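Peer 1: Supplied in structure tokens, the structure appears directly below.
The values are calculated or read from the model by the stated rules, or taken from the named source; none is laboratory data. Quantities reported herein were computed from a predicted structural model and do not represent experimental measurements. When we count neighbours, we look across all protein chains shown, and the Cβ atoms used for this are built from the backbone with ideal geometry, even at glycine. Note: accessible area is taken over every heavy atom of the protein model, side chains too, but ligands, DNA and RNA are not part of it. Shrake-Rupley method; radii C 1.70, N 1.55, O 1.52, S 1.80 Å.
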Amino acid sequence: MDAEQLIQKYLEFFEKKGHKTLKSDSLIPENNASVLFTTAGMFPLTPYLMGNPHPMGKKLASVQKCIRTGDIEDVGDSTHLTFFEMLGNWSLGDYFKKESLTWSFEFLTKELGINPDKLSVTVFKGDENAPKDEESTNIWIKLGMPKERIYALPKKDNWWELETGPCGPDSEIFFDTGKKSCSKDCKPGCSCGKYVEIWNNVFMQYNKLREGVYKPLAKKNVDTGMGVERTTAILSGKKSVYETELFEPLMQEIKNDSKNYQEKSARIIADHIKSATMILGDERRVPPSKTDQGYILRRLVRRAIRHSRNLGLQYFTLEKIAKKTIDIYKKRHSSIEKSREFILNELKKEYEKFSKTLEKGLKAFEKISGNDVGGKDAFLLFQSYGFPIEITKELAAEKGLSVDEKSFNAEMKLHQELSKIGAEAKFKGGLSDNSEKTTKLHTATHLLAEALRRIVSKDIKQKGSNITPERLRFDFNFNRKLTDEELKKTEALVNEQISKSLPIIKKEMSFEEAKKSGAHAEFEGKYKEKVFVYSAGDFSKEVCGGPHISNTKELGRFKIVKEESIAAGIRRIKAILE
Ligand code: SER
């Protein structure tokens with residue numbers, strides 16, 4: 001079954017269940033400053049999920065085009081994309097859990113013929129804000145889901161929300177790809193790729209006013225989402241979304257034209273040029289620019305150009321990818337056909353603009369990169385050669401170096417590039433969001449760094465870090481794979497500090513004083529004047545800009561989910577708090 005047939009089948013199925021089909025909305029949200037792009041099918045429905053009556057009724061469905069840049073660093077694996085389409089069905093104060101889960105299961109197993117033995121599900125485990133979702137558990141049992149394939153997971157897995165607005169617990173459906181489990185704890189939600197999330201049923205019962213503050217909604221809604229690309233890959237027996245008809249023609253062009261083919265670069269190029277084409281060709285046309293959506297677009301195109309250079313590709317291949325993208329999507333999203341000329345012109349202009357500085361910038365990078373890349377150098381690459389920070393980071397990572405992003409951001413601020421800083425925060429969903437979840441993971445990162453020093457090697461230094469509300473990522477210097485025992489001991493040492501309820505104390509001092517006090521400082525020598533030192537009891541002490549929580553007891557259980565190599569001599573750990 002191809003994507004078009006899947007979409008038809010889905011919309012017909014929900015029409016039969018009394019839903020009206022909505023047209024896909026624009027990728028560019030109207031009147032909303034908090035997000036730059038439509039990231040889910042529910043987004044255009046926000047006012048109706050909050051209680052306003054929708055002109056088309058209480059049961060709705062759609063296939064919505066979406067852009068998500070938060071997962072950009074995972075693009076290149078078999079399931080993560082920056083542009084994707086989401087199938088969704090909604091109940092605005094009409095049906096609730098029973099119908100929602102029953103129809104999802106019926107559609108997947110009866111209409112699509114997916115073997116129910118390949119499916120497993122998750123439900124919300126409960127916390128101080130909302131109880132365990134027993135109702136969904138019982139519905140799944142009645143639908144025939146074996147108890148051992150129903151997993152109750154915490155908020156980070158089974159709660160859906162944006163910064164504010166309608167939100168609630170969810171129940172997700174996973175497809176087992178048949179890959180070997182990565183560990184004995186491997187289960188839905190694990191990032192190893194064995195379980196692919198294909199459908200999310202969100203039970204929107206709350207309005208999130210701010211971090212941690214939830215008010216019950218007058219009406220209970222259902223918001224569901226199913227990924228078109230992932231489901232198409234499963235239905236056609238493909239190992240990755242890049243092998244489906246939604247990507248295969250793009251990948252073929254890259255394969256044919258490459259002098260030095262590399263799968264990961266090819267995937268990044270196909271994904272980013274597709275997203276760029278969809279943004280340029282949106283009904284609210286956006287050209288590349290220095291701010292907001294235009295700047296994200298510029299970054300996607302420039303990253304694709306940089307990877308194209310590695311493969312020995314010229315502009316005409318990128319143009320062919322844009323044209324193939326138009327062919328694939330023009331039936332469902334007609335604005336891209338109408339904007340064909342605009343898309344190709346803007347793409348070419350951006351290519352020419354960046355090509356002028358790319359080679360010089362790469363040479364400049366070679367000169368400065370004897371050591372880790374400081375903020376000033378990263379800023380110079382940005383200002384003089386138009387290198388978005390992720391290009392500099394990628395170039396650095398390829399050499400096993402890190403980039404001082406904090407001081408890069410400080411340089412940006414200094415130069416009054418405020419709009420770009422804003423775009424940066426919205427683009428990455430990184431620590432800049434300062435939410436409770438990222439703050440906790442930030443504190444956990446300090447504990448992890450110290451635990452690694454104590455268990456694995458005292459010479460371990462931070463080489464990079466990125467934190468989203470879902471997980472922390474910590475890069476460090478070490479020249480071999482960590483053993484299972486080292487990982488277990490590190491995890492246990494962090495959990496021991498959590499259970500000791502260590503207070504986190506912040507002190508301001510000069511960098512010299514900080515060093516004398518034994519605080520660890522990354523990017524040595526680059527700090528000026530006053531710095532903050534955060535200590536967790538007697539366990540860890542680091543120079544850091546914060547923010548942190550006030551006591552380790554707030555963290556929950558720490559768990560390492562992945563350890564891998566990212567460059568010569570650099571390892572990466574991903575970890576979560578449960
Ligand atoms: N809003 C939910 C999601 O994006 C369901 O569509 O997963």
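Peer 1: Which pairs have Cβ atoms under 7 Å, sit 6 or more apart or on different chains, and link a residue in region 86-111 that is within 10 Å of residue 221 (Cβ to Cβ) to one that is of a type in the set (Asp, Glu) and within 13 Å of the ligand (Cβ to nearest atom)?
Peer 2: These pairs meet every condition: 90/223.
Peer 1: Could you please find all residues in region 258-271 being crowded, with 18+ Cβ neighbours inside 10 Å, within 18 Å of the chain's Cα centre (by Cα) and farther than 14 Å from residue 324 by Cβ?
Peer 2: Scanning region 258-271 gives 267, 268.
Peer 1: Quick one: count up the residues across region 123-175 that are farther than 22 Å from residue 559 by Cα and more than 14 Å from the ligand (Cβ to nearest atom).
Peer 2: Total meeting the criteria: 20.
Peer 1: For residue 253, state whether it is open to solvent by 20 Å² or more (accessible area, probe 1.4 Å), away from the ligand (no atom under 16 Å from the Cβ), touching a helix residue (DSSP H, G or I) at 6+ places or on another chain (Cβ under 8 Å) and within 30 Å of residue 114 (Cβ to Cβ).
Peer 2: no
Peer 1: Scan region 119-172 for residues that are out of contact with any Ser or Thr (no Cβ under 9 Å at 6 or more places or on another chain), among the hydrophobic types (A, V, I, L, M, F, W, C) and farther than 25 Å from residue 48 by Cβ and jot them down.
Peer 2: Within region 119-172, just 141 meets the criteria.
Peer 1: Condition first: within 16 Å of the ligand (Cβ to nearest atom) and of a type outside the set (A, V, I, L, M). Now tell me which residues in region 192-221 satisfy that. Please lay out each step first, then the result.
Peer 2: First, pick out the residues of region 192-221 that are within 16 Å of the ligand (Cβ to nearest atom): 195-208, 217, 220-221.
Of everything in region 192-221, those that are within 16 Å of the ligand (Cβ to nearest atom) and of a type outside the set (A, V, I, L, M) turn out to be 195, 197, 199, 200, 201, 203, 205, 206, 207, 208, 220, 221.
Peer 1: Still on this structure, I have one more. In region 31-64, how many residues are of a type in the set (A, V, I, L, M), more than 14 Å from the ligand (Cβ to nearest atom) and open to solvent by less than 40 Å² (accessible area, probe 1.4 Å)?
Peer 2: First, the residues of region 31-64 that are of a type in the set (A, V, I, L, M): 33, 35-36, 40, 42, 45, 49-50, 56, 60-61, 63.
Still in the running and more than 14 Å from the ligand (Cβ to nearest atom): 33, 36, 50, 56.
So of that shortlist, the ones also open to solvent by less than 40 Å² (accessible area, probe 1.4 Å) come out as 36.
Residues flagged as of a type in the set (A, V, I, L, M), more than 14 Å from the ligand (Cβ to nearest atom) and open to solvent by less than 40 Å² (accessible area, probe 1.4 Å) within region 31-64 amount to 1.
For every residue, the table says whether it meets (1) among the acidic types (Asp, Glu); (2) open to solvent by 30 Å² or more (accessible area, probe 1.4 Å).
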site	(1), (2)
111	yes, yes
119	no, no
122	no, no
135	yes, yes
156	no, yes
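Peer 1: Related question: Could you tell me which numbered condition residue 67 fails, if it satisfies all but one of (1) out of contact with any Phe, Trp or Tyr (no Cβ under 6 Å at 6 or more places or on another chain); (2) within 29 Å of residue 467 (Cβ to Cβ); (3) within 14 Å of the ligand (Cβ to nearest atom)?
Peer 2: All conditions are met except number (1).
Peer 1: Criterion first (at pLDDT 95 or above, farther than 24 Å from residue 388 by Cβ and hydroxyl-bearing (Ser, Thr, Tyr)) does residue 329 satisfy it?
Peer 2: Numbers: at pLDDT 95 or above: yes; farther than 24 Å from residue 388 by Cβ: yes; hydroxyl-bearing (Ser, Thr, Tyr): yes.
Yes: the conditions hold for residue 329.
Peer 1: Any residue in region 499-514 that is among the charged types (D, E, K, R) and open to solvent by less than 20 Å² (accessible area, probe 1.4 Å)?
Peer 2: Applying the first criterion (among the charged types (D, E, K, R)) to region 499-514 yields 500, 506-508, 512-513.
Right, trim to open to solvent by less than 20 Å² (accessible area, probe 1.4 Å) and you get none.
No, region 499-514 contains no residue that is among the charged types (D, E, K, R) and open to solvent by less than 20 Å² (accessible area, probe 1.4 Å).
Peer 1: For region 222-240, name all the residues that are away from the ligand (no atom under 16 Å from the Cβ) and of a type in the set (Gly, Ala, Ser).
Peer 2: Keep residues of region 222-240 that are away from the ligand (no atom under 16 Å from the Cβ), which gives 232-240.
Hits for region 222-240 are 233, 236, 237, 240.
Peer 1: If you don't mind, another one. Any residue that is under 21 Å from the mean Cα position of the chain (by Cα), small (Gly, Ala, Ser) and away from the ligand (no atom under 15 Å from the Cβ) - is there at least one of those in region 12-29? I'd like the intermediate steps shown before the answer.
Peer 2: Taking region 12-29 first, the residues under 21 Å from the mean Cα position of the chain (by Cα) are 26-29.
Subset that is small (Gly, Ala, Ser): 26.
From what is left, the residues that are away from the ligand (no atom under 15 Å from the Cβ) are 26.
Yes, region 12-29 has at least one match.
Peer 1: Taking the criterion of being under 30 Å from residue 29 (Cα atoms), under 21 Å from the mean Cα position of the chain (by Cα) and in a strand (DSSP E or B), would at least one residue in region 226-246 satisfy it? Show your work before the answer.
Peer 2: Initial filter on region 226-246 (under 30 Å from residue 29 (Cα atoms)): 226-233, 240-242, 244-246.
Now narrow it down to the ones that are under 21 Å from the mean Cα position of the chain (by Cα): 226-233, 240-242, 246.
Those left that are additionally in a strand (DSSP E or B): 226-227.
Yes - at least one qualifying residue is present in region 226-246.
Peer 1: While we're looking at this one, here's another question. The conditions are (1) within 28 Å of residue 238 (Cβ to Cβ); (2) within 16 Å of the ligand (Cβ to nearest atom); (3) open to solvent by less than 40 Å² (accessible area, probe 1.4 Å); (4) of a type in the set (Gly, Ala, Ser), and residue 189 fails exactly one of them. Which is it?
Peer 2: (3)
Peer 1: Now, a different point. If you check 378, 364, which single one turns out to be touching a Leu at 6+ places or on another chain (Cβ under 8 Å), open to solvent by less than 30 Å² (accessible area, probe 1.4 Å) and either in a helix (DSSP H, G or I) or modelled with pLDDT under 90 (or both)?
Peer 2: Values: 378 fails: touching a Leu at 6+ places or on another chain (Cβ under 8 Å).
None of the others qualify; the one that does is 364.
Peer 1: Looking at residue 184, is it open to solvent by 60 Å² or more (accessible area, probe 1.4 Å) and more than 15 Å from the ligand (Cβ to nearest atom)?
Peer 2: Values: open to solvent by 60 Å² or more (accessible area, probe 1.4 Å): yes; more than 15 Å from the ligand (Cβ to nearest atom): yes.
Spelling it out, residue 184 is indeed open to solvent by 60 Å² or more (accessible area, probe 1.4 Å) and more than 15 Å from the ligand (Cβ to nearest atom).
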